[in-house]
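In what follows, a structure is listed as structure tokens, so that the remarks can point back to it.
Just so you know, all these numbers are worked out from the coordinates, no wet-lab data involved. Quantities reported herein were computed from a predicted structural model and do not represent experimental measurements. Glycine also receives a Cβ, built like all others from the backbone with ideal geometry; neighbour counts cover every protein chain displayed.
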Amino acid sequence: MAAKFNVLAAIDLHPGSTPVFERAVALASVHPDGEVHVVTVAEPQVPLMVYPGFLPPPELRGVDAEEVAAFCRDRLRTFHEANPEARLPHVHVHTSVGKPADEIVWLAAHLDADWIVIATHSRRGIKRLLMGSVADKVVRLAGCPVMVIREKNHNPAWKVPEIEPLCPDCAEVRKETNGEQLWCARHSERHVRMHVLHYTPEGEVVPRAWSSSTGI
């Protein structure tokens with residue numbers, strides 16, 4: 001009997017959980033024995049100030065199996081409506097308490113998971129330094145491929161500017177001079193003619209650059 005194809009989806013019911021769950025279902029649906037295991041990990045909240053000799057049990061936040069199950073049922077229904085021909089895999093819900101990255105990797109090992117799907121909250125600067133990154137640690141420690149889901153949100157300032165089209169006047173100058181001159185009067189002041197050393201066998205015609213485009 002072939003082993004099951006297990007996909008572990010780590011969610012925390014924040015907005016990024018929806019694409020994580022959908023991607024996990026999509027991965028498992030294409031495998032005949034694919035299953036999705038959803039895990040939600042809560043970190044214990046230990047009070048900073050306690051009476052000497054008395055340590056109350058840690059407060060647990062975020063562990064609610066019924067809420068996680070309802071989330072999965074709703075998203076599974078949405079996935080089926082969008083992909084009526086796709087096979088719906090079995091979905092198992094796990095809740096755990098501890099350090100999220102450690103618990104996720106531990107469960108993946110016990111399930112012999114084939115994939116881990118997790119979101120990143122894109123923390124930066126001092127916040128990232130203090131809180132760390134669960135996704136980073138899971139990628140380092142996991143014994144299977146890890147898919148990190150991030151919402152599409154490109155920073156406009158990081159986009160590489162597009163190359164400007166060739167100036168019509170420059171194109172006309174190149175055509176009239178058969179490539180001997182590259183720039184029109186307006187752009188010739190910004191460019192220095194480059195000398196290219198090359199070897200041309202006798203009888204060959206050197207191609208001219210009159211039809212190329214150059215950014216300004």
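Things worth noting here:
- Paramagnetic label zone (point 7 Å from Cα along Cα-to-C-beta, Arg87; backbone N under 19 Å) in region 3-45: 3-9, 22-38
- Cα→Cβ-extended label distance, 7 Å offset, between Ala3 and Ala65, nm: 2.6
- Sites Arg140 and Glu164, calculated FRET efficiency, Cβ-Cβ separation with R0 41 Å, nearest 0.05: 0.40
- Calculated FRET efficiency, Arg73 to Ala157, Cβ-Cβ distance, R0 = 45 Å: about 0.65 to the nearest 0.05.
- Put a dot 7 Å past the Cα of Val30, heading toward its Cβ, do the same for Cys184, and the two dots end up 5.1 nm apart.
- Lys137, Lys175 arranged by Cβ crowding within 10 Å, fewest neighbours leading: Lys175, Lys137
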